[in-house]
Amino acid sequence: MEKKKDEDKKKDTKTTKEKDSNTKSKASDSKSKSSDKKTSNSTKTNKSDDKKSKPEKKGKLKETDENALKDFLVDELKDIYFAEHEILKGLTKMKDAATSDKLKKAIDLHYNQTETQIVRLEEAFGMFDEKPTKKKCEAIIGILKEGDDILEDTDEGTMVRDAAIIIASQKVEHYEIATYGSLAELARTIDRDDVAEVLEKTLTEEKETDVSLTELAVDKINEAAAQEDAD
């Protein structure tokens with residue numbers, strides 16, 4: 001009888017040990033899985049940090065963006081190409097309406113420069129393998145229409161009209177300065193410094209013409225206009 005009790009006791013002890021062993025094994029597996037999960041999360045975090053730490057490249061356009069900007073630039077060249085041809089017509093009217101010889105000479109100079117600027121625009125078109133094309137420019141049409149109105153509102157042979165012609169001419173200059181300056185910057189943005197240099201030659205001329213018109217107005221025309229009697 002005692003022998004059987006001993007055997008039962010041994011069996012119970014063995015069973016208890018097996019349970020303890022299984023419990024330890026499960027705990028070990030749980031720790032292992034937890035460790036693997038932490039390692040995985042750490043790896044994801046590191047990858048995320050790597051993405052954050054890498055600075056984005058600035059100043060470089062995607063090819064699609066560059067093409068879109070190039071297309072826009074070419075479209076604007078068509079706009080100013082139209083404008084320059086219209087400006088030639090407007091300058092002819094202004095010269096015929098001017099009284100001061102100095103103003104007539106200044107308009108002549110602007111006319112000759114405009115012809116050269118048209119040739120430069122054709123050169124710029126060629127750099128993009130594009131045919132020179134005109135696109136109707138509502139802005140310059142409006143500016144030149146205002147110039148026509150000024151001639152109608154002033155008397156022939158007066159300095160008041162000459163002062164008005166200078167103002168109308170400078171509005172044209174300012175439009176050209178804004179256009180050529182902006183287009184030159186766009187050209188540089190898409191790494192077309194060759195096109196930018198061509199446009200900047202015209203930009204320089206336009207700024208110089210604007211200054212010369214201001215000097216002409218201040219030195220002579222405005223004072224002479226102030227001496228004229230109103231009708």
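So here's what we get for this one:
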{"quantity": "Length gained when the stretch E123-Q227 is fully extended (0.36 nm per residue, less Cα-Cα span)", "calculated": "32.7 nm"}
{"quantity": "Spin-label model distance (nm) - Y111 vs D193, 7 Å beyond Cα toward Cβ", "calculated": "3.9"}
{"quantity": "Long pairs among K102/K171; K95/K135; K104/K135; K93/K136, criterion Cα-Cα beyond 23 Å", "calculated": "K95/K135; K104/K135"}
{"quantity": "Footprinting exposure proxy for M94, M127, M159 (fewest neighbouring C-beta atoms within 10 Å first)", "calculated": "M127, M159, M94"}
{"quantity": "Surrounding net charge for A196, when Lys and Arg each add one and Asp and Glu each subtract one, Cβ distance under 9 Å", "calculated": "-3"}
{"quantity": "Ascending count of other beta-carbon atoms within 10 Å, so fewest first, for K135, K89", "calculated": "K89, K135"}
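Just so you know, all these numbers are worked out from the coordinates, no wet-lab data involved. Here the structure is a predicted model, which is why all the values come from computation and not from measurement. Neighbour counts run over all protein chains shown; Cβ positions are idealised from the backbone, glycine included.
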